[in-house]
Amino acid sequence: MFPLLESISTVMKAGYEAQLAAMAQITRTAIDGMEKAINLNLSTAKASLDASLNSSQQMMSATTPQEWLLLRSAQVRPTVDSALHYGHHMADIVSCTQAEIAGVAAAHVANAGRKMKAA
């Protein structure tokens, strides 16, 4: 009955559908990133527990204060290396997730622009 209103309604519907699809894909990407971060945290916690137990057993076997200090100082470097590895891995997860979200958003903006022009 009113062709202008129908045309506006079609454009609005296309825009809404594009926004909904973009948000769904961005949310999936964010959840995938969170899953990777959670898995990293769990594996790091398990490795830390194992290292702590091993370290405690070694420390309890020391018979002199000098031996205890040597054991303790030998354990510092692996702990620092582990923390650095964790930080780098987490930074990779965050930057990859951020790049994926930016790519998804850019693709959906371009696609929505084409759909709006076509409608």
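The values are calculated or read from the model by the stated rules, or taken from the named source; none is laboratory data. Just so it is clear, the structure is predicted and the values come from calculations on it, not from any experiment. All Cβ positions, even for glycine, are placed from backbone atoms using ideal geometry, and neighbour counts span all protein chains on display. Remember, those area values only see protein heavy atoms, side chains included, never the ligands or the DNA or RNA. Shrake-Rupley method; radii C 1.70, N 1.55, O 1.52, S 1.80 Å.
Per-structure values
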quantity	calculated
Within region 87-97, considering residues that are touching a residue at least 60 places away in the same chain (Cβ under 8 Å) and open to solvent by 60 Å² or more (accessible area, probe 1.4 Å), the one farthest from the chain's Cα centre (by Cα)	Cys96
Condition broken by Gly15, with the remaining ones in (1) surrounded by 12 or more Cβ atoms within 10 Å (Cβ to Cβ); (2) free of Cβ contacts under 8 Å to residues at least 12 places away in the same chain satisfied	(2)
Residue match in region 18-34 (condition: assigned to a helix (DSSP H, G or I), open to solvent by 60 Å² or more (accessible area, probe 1.4 Å), closer than 30 Å to Gly113 by Cβ and in contact with a Lys or Arg (Cβ under 9 Å, 6 or more places away or on another chain))	no
Gly103 being closer than 16 Å to Thr29 by Cα, open to solvent by less than 60 Å² (accessible area, probe 1.4 Å) and without any contact (Cβ under 8 Å) to a residue 24 or more places away in the chain	yes
Filtered residues of region 66-86 (kept if surrounded by 12 or more Cβ atoms within 10 Å (Cβ to Cβ) and under 20 Å from the mean Cα position of the chain (by Cα))	Ser82, Ala83, His85, Tyr86
Test: Thr63 is open to solvent by 60 Å² or more (accessible area, probe 1.4 Å), modelled with pLDDT under 95 and not in a helix (DSSP H, G or I)	yes
